[in-house]
Amino acid sequence: MVAAVFRIAALALLCVGCTTVQFTQRSFEGTEWRIAAINGEATPSSGVYPMRFQGGRVSVGLGCNGGSGDYRLVGDQLKVAPLAKTERECTPIHRMELEAGAIRILLLPMQISQNQRTGGTILANSAGSLELVPVVIGKRL
């Protein structure tokens, strides 16, 4: 897992001036991320927002709900399908709305890019965006 995170970090450093980064299935396989922002809004520091890629599957935690499904990369797009998700009611209501926004994003193919300002990986489509930061041994880089 650590090697995969370093591969992605090295790729990001090589492409500081690039507008797109080429990812492959191996770029994500065996990696763990934290969802740092949903639609540009920072995720609550009190919640856990992991996104793990293992064995061709992705699992995501969104505070009080989560989901999982098969994933694949096609060009510069990440596709998750089918997505199984939990649907517990969360409080406060804003947290539930934030989670619903993330689910809408995960249901559609996502364009992969790099945030040049933060170094985070962006997954975006017409439903919005998720910003991911890599995690190494349970700690944020």
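The values are calculated or read from the model by the stated rules, or taken from the named source; none is laboratory data. This structure is a prediction, so every number in the text was calculated from the model and none was measured. All Cβ positions, glycine included, derive from the backbone under ideal geometry; neighbour counts span all protein chains shown.
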Legend entry - Sole exception among (1) closer than 20 Å to Ser27 by Cα; (2) without any contact (Cβ under 8 Å) to a residue 40 or more places away in the chain for Leu132, by number: (2)
Inset, instruction - Could you name every one of the strands (runs of 3 or more DSSP E) located completely within segment 22-141 that has at least 3 residues being of a type outside the set (S, T, N, Q) and at pLDDT 85 or above? - result: 31-38, 50-54, 57-61, 66-74, 77-85, 121-125, 128-136
Inset, instruction - For segment 43-84, enumerate the residues that are among the aliphatic types (A, V, I, L, M) and closer than 14 Å to Ile122 by Cβ. - result: Met51, Leu78
Inset, instruction - Search segment 109-123 for residues being under 20 Å from Arg52 (Cβ atoms) and free of Cβ contacts under 8 Å to residues at least 40 places away in the same chain, and hand back the single one that is surrounded by the fewest Cβ atoms within 10 Å (Cβ to Cβ). - result: Pro109
